[in-house]
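The values are calculated or read from the model by the stated rules, or taken from the named source; none is laboratory data. Keep in mind that what you see is a predicted model, and the values were worked out from it rather than measured. Neighbour counts run over all protein chains shown; Cβ positions are idealised from the backbone, glycine included.
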Amino acid sequence: MQRRAPEIEIVADETALAGRLASFVAATATAALAAHGRCDLALAGGSTPKAAYGLLAAPPYASRIDWNRVRFFFSDERCVAPVDDESNYKSAKTTLLDPLNISEDAVFRMRGEIRPAEAAREYAAILRRELEGDADGTPVFDLVMLGMGPDGHTASLFPGSDPFADDLLLVRAPYVEKLATYRITLTPRVLNAARHVVVATAGPSKADALAAVLDGPRNPSLYPIAVLEPHDGDVTWLVDAVAVAKRAPR
Ligand code: 6PG
């Protein structure tokens, strides 16, 4: 199967990125609802998607999409309580889920407040129970939203740990040396089983990693986001002008 090259869309700045990310998520969700009656969405953590979440929770998207048929999962989570300001769940709840009055039944959070390994096992079981599987039995998301750190990490797949380790796992709980903490994260196996993956990244701090990932040799150990190679799905990069400033001239 010839893998599709990633789509790369360049927008002017972070404000434009938020608008484009919101329209991308809305269009992908609408297509999933039309195709099979529901949309299983893995939300990204970090700060970049917050503005897009706010746009999705406001007119016109709030009324344009049948949010009752969208289910919300997470690409990764910090090992904190759900009320902690560091929690990706809390961030999504505040900016998107509560404003849209999303039922708790449609939200599947990673429990950052319990033992990391147990939280990973629990979430893998949730994915197996709730999502349809592909030919390998890997749960399939309609859309996985991701960001990228300045070091090329994505979700909670950080440099320094083999991103393909435990490749049969669906969810992992790595200890992240540079943060001196555990995290809970979807694995490359799940990311690459998704129908669509969107990576939204902006700002000058991401420029070196972005140039290395998009133009350099594939090196997932150094830049874990390089694991992205969906088997049948596609990857769309939404990036702002300063984040692509260091790419080689095309
Ligand atoms: C997290 C995210 C992480 C994030 C990147 C980019 O839990 O922090 O999953 O992978 O997407 O670190 O973060 P920003 O969007 O804040 O730059």
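Under 6 Å between Cβ atoms, which residue pairs at least 6 apart in sequence (or on different chains) link something in region 113-130 that is closer than 13 Å to Val190 by Cβ with a partner that is of a type in the set (Lys, Arg)?
Filtered contacts from region 113-130: Ala120/Arg172.
Out of curiosity, is Gly37 modelled with pLDDT of 95 or more, under 21 Å from Leu127 (Cβ atoms) and surrounded by fewer than 23 Cβ atoms within 10 Å (Cβ to Cβ)?
yes
Residues to consider are Ala226, Ala194, Ala207, Ala211; find the one that is touching a helix residue (DSSP H, G or I) at 6+ places or on another chain (Cβ under 7 Å) and either over 23 Å from Glu14 (Cα atoms) or of a type in the set (Gly, Ala, Ser) (or both).
Ala226
What number of residues in region 192-220 are part of a loop (DSSP other than H, G, I, E, B), surrounded by fewer than 24 Cβ atoms within 10 Å (Cβ to Cβ) and more than 14 Å from the ligand (Cβ to nearest atom)?
Number satisfying all stated conditions: 7.
Are there any pairs with C-beta distances below 9 angstrom linking a residue in region 35-52 that is within 20 Å of Met110 (Cβ to Cβ) to a residue that is within 16 Å of the ligand (Cβ to nearest atom) and among the basic types (Lys, Arg), with the two at least 6 apart or on different chains, and if so which?
From residues that are within 20 Å of Met110 (Cβ to Cβ), the pairs are Gly45/Arg78.
Are any residues in region 148-191 modelled with pLDDT under 95, of a type in the set (D, E, K, R) and within 14 Å of the ligand (Cβ to nearest atom), and if so, which ones?
The one that is modelled with pLDDT under 95, of a type in the set (D, E, K, R) and within 14 Å of the ligand (Cβ to nearest atom): Lys178.
Looking for something within 14 Å of the chain's Cα centre (by Cα), surrounded by 15 or more Cβ atoms within 10 Å (Cβ to Cβ) and more than 16 Å from the ligand (Cβ to nearest atom) - is there at least one such residue anywhere in region 47-70?
No, region 47-70 contains no residue that is within 14 Å of the chain's Cα centre (by Cα), surrounded by 15 or more Cβ atoms within 10 Å (Cβ to Cβ) and more than 16 Å from the ligand (Cβ to nearest atom).
If you scan region 93-112, which residues turn out to be of a type in the set (Val, Ile, Thr) and either exposed (fewer than 12 other Cβ atoms within 10 Å of the Cβ) or touching a residue at least 40 places away in the same chain (Cβ under 8 Å) (or both)?
If the condition is that a residue be of a type in the set (Val, Ile, Thr) and either exposed (fewer than 12 other Cβ atoms within 10 Å of the Cβ) or touching a residue at least 40 places away in the same chain (Cβ under 8 Å) (or both), then Thr95 is the only one that fits.
Which of the residues belonging to region 85-94 are within 13 Å of the ligand (Cβ to nearest atom) and more than 16 Å from the chain's Cα centre (by Cα)?
Passing the criteria: Asp85, Glu86.
Name every residue in region 120-137 that is closer than 27 Å to Arg69 by Cβ and surrounded by 21 or more Cβ atoms within 10 Å (Cβ to Cβ), in order of residue number.
Selection gives Tyr123, Leu127, Leu131.
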